[in-house]
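The values are calculated or read from the model by the stated rules, or taken from the named source; none is laboratory data. As the structure is a prediction and not an experimental result, all values here were calculated from the model. Cβ sites come from the backbone with ideal geometry, for glycine too, and all protein chains shown count toward neighbours. Each accessible area value is taken on the protein alone, full model and side chains, heavy atoms only, with ligands, DNA and RNA left out. Shrake-Rupley method; radii C 1.70, N 1.55, O 1.52, S 1.80 Å.
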Amino acid sequence: MTDDLWGRHRAVLPDWLALYYDRPLEITHGEGRHVWDAAGNRYLDFFGGILTTMTAHALPEVTKAVAEQAGRIIHSSTLYLNRPMVELAERIAQLSGIPDARVFFTTSGTEANDTALLLATTYRRSNTVLAMRNSYHGRSFSTVGITGNRGWSPTSLSPLQTLYVHGGVRTRGPYAALDDRAFIDACVDDLRDLLGHTRPPAALIAEPVQGVGGFTSPPDGLYAAFREVLHERGALWIADEVQTGWGRTGEHFWGWQAHGRSGPPDIVTFAKGIGNGMSVGGVIARSEIMNCLDANSISTFGGTQVTMAAGLANLTYLLEHDLQGNARRVGGLLIERLRAAAAQIPAVREVRGRGLMIGIELTKPGTDEAAPEAAAAVLEAAREGGLLIGKGGGHSTSALRIAPPLSLTVAEAEEGAEILEGALRSIA
């Protein structure tokens, strides 16, 4: 049946629509931190639909909220008052840390970043955008234009002038040998020099932890230092929290809070986990930025009642059960367990991350060269052992990505680590 579906997939869908595994997997249902395929095989899910199943599969509180809302009305568009949308916006504005915040809902992180770019360039009357090397911000025309990862950038055409800044990857590049303080100073000097060669930019957009790029991040405080330089010139800071938001990093509710010395970002984008699988994205911004547009705009599907009901139920569950704290505790144990295992495996260059956002960078043993074939082999071996993980990486890198639902238990973390250790040893 899966082979038949795979053939049908190839016949009607684009060649560039990526599928994992030599024999692609059809997931039919899930519960908690587990999913099942069409053949009835059970897997521990350490990727959560690309960090989207944030709390748990088939979480009763979310499925009940969706069913009840669907029984009343599913959709009406933003042309009408929408109670679930207002209620979720109120919660998010309060949690954002942005003063006098306004919230606009979209259907994806790509659309959220598109909106943030529209707001920033309109507010600043500039189409120059600063972005980080190794970054990923979406698949639309404008977000591809600011993505600093060649593997996810199919065109150089763009409505924006994009300039790329150092600092998103701590252990590679020209500043890798510096200590954290010197690394930040060098990146700030690079930013100041770059700004001296171009017209004033609209904004810097940055992921606090780079997702598709392999869960890389700078030392804490880098973006705070950047913000001071940007503030001198009136430029905005956009924090892309599509993958880092809602407590996934454990230490903070938002990834930007590791860089909060200079205050919150001017704009925050979010998506993925808040809907727990429903299509929810959005933008948070100070009111004068959000309200800078001088033409009409709506969102047909952003903020639709059924997705807002899911987001409200999911966020309530996350807060009431302190899943941020669970990510910190269980994620800390998982990282240490994986580091101990990786110390014996020559192909592992680094185990990095925080909370339940963990990257394992693989290289050819004895070198600093990427090993994409090894990453693919580990992915396959982990699946055979009953574990689903992701992969990523940027320029000359290959990494495994581990991001389970935030309700992961200690026993499940240990089970997943054991399977993953075996998969890593299979390539040693």
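So that you can scan it fast, the table gives a plain yes or no per residue for (1) modelled with pLDDT of 95 or more; (2) open to solvent by less than 10 Å² (accessible area, probe 1.4 Å):
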residue	(1), (2)
296	no, no
344	no, no
357	yes, yes
364	yes, no
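So is residue 140 among the hydroxyl-bearing types (Ser, Thr, Tyr), open to solvent by less than 70 Å² (accessible area, probe 1.4 Å) and out of contact with any Lys or Arg (no Cβ under 6 Å at 6 or more places or on another chain) or not?
Yes; evaluated as a whole, the condition is true for this residue.
Residues checked against (1) aromatic (Phe, Trp, Tyr); (2) open to solvent by 10 Å² or more (accessible area, probe 1.4 Å); (3) out of contact with any Gly (no Cβ under 8 Å at 6 or more places or on another chain):
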residue	(1), (2), (3)
161	no, yes, yes
192	no, yes, yes
199	no, yes, yes
206	no, no, no
227	no, yes, no
234	no, yes, yes
Quiz prompt | Residue list for segment 329-342, filter: open to solvent by less than 20 Å² (accessible area, probe 1.4 Å), of a type in the set (A, V, I, L, M, F, W, C) and over 23 Å from residue 368 (Cα atoms) | solution = 330, 334
Quiz prompt | Scope segment 394-427; condition crowded, with 24+ Cβ neighbours inside 10 Å, closer than 30 Å to residue 320 by Cα and either touching a strand residue (DSSP E or B) at 6+ places or on another chain (Cβ under 8 Å) or free of Cβ contacts under 8 Å to residues at least 24 places away in the same chain (or both); matching residues | solution = 401, 402, 403, 404, 405, 416
Quiz prompt | Matching residues in segment 214-236 - criterion: being under 23 Å from residue 394 (Cα atoms) and either in contact with a helix residue (DSSP H, G or I) (Cβ under 9 Å, 6 or more places away or on another chain) or assigned to a helix (DSSP H, G or I) (or both) | solution = 217, 218, 219, 220, 221, 222, 223, 226
Quiz item: residue 70 is checked against (1) more than 20 Å from residue 315 (Cβ to Cβ); (2) touching a residue at least 40 places away in the same chain (Cβ under 8 Å) and fails just one. What number does that condition carry?
Solution: (1)
Practice problem: Find the residue count for segment 56-86, including only residues that are open to solvent by 40 Å² or more (accessible area, probe 1.4 Å), closer than 24 Å to residue 284 by Cβ and among the hydroxyl-bearing types (Ser, Thr, Tyr). | Solution: 2
Quiz item: Is it true that some residue in segment 182-205 is closer than 30 Å to residue 405 by Cα and either part of a strand (DSSP E or B) or not hydrophobic (A, V, I, L, M, F, W, C) (or both)?
Solution: yes
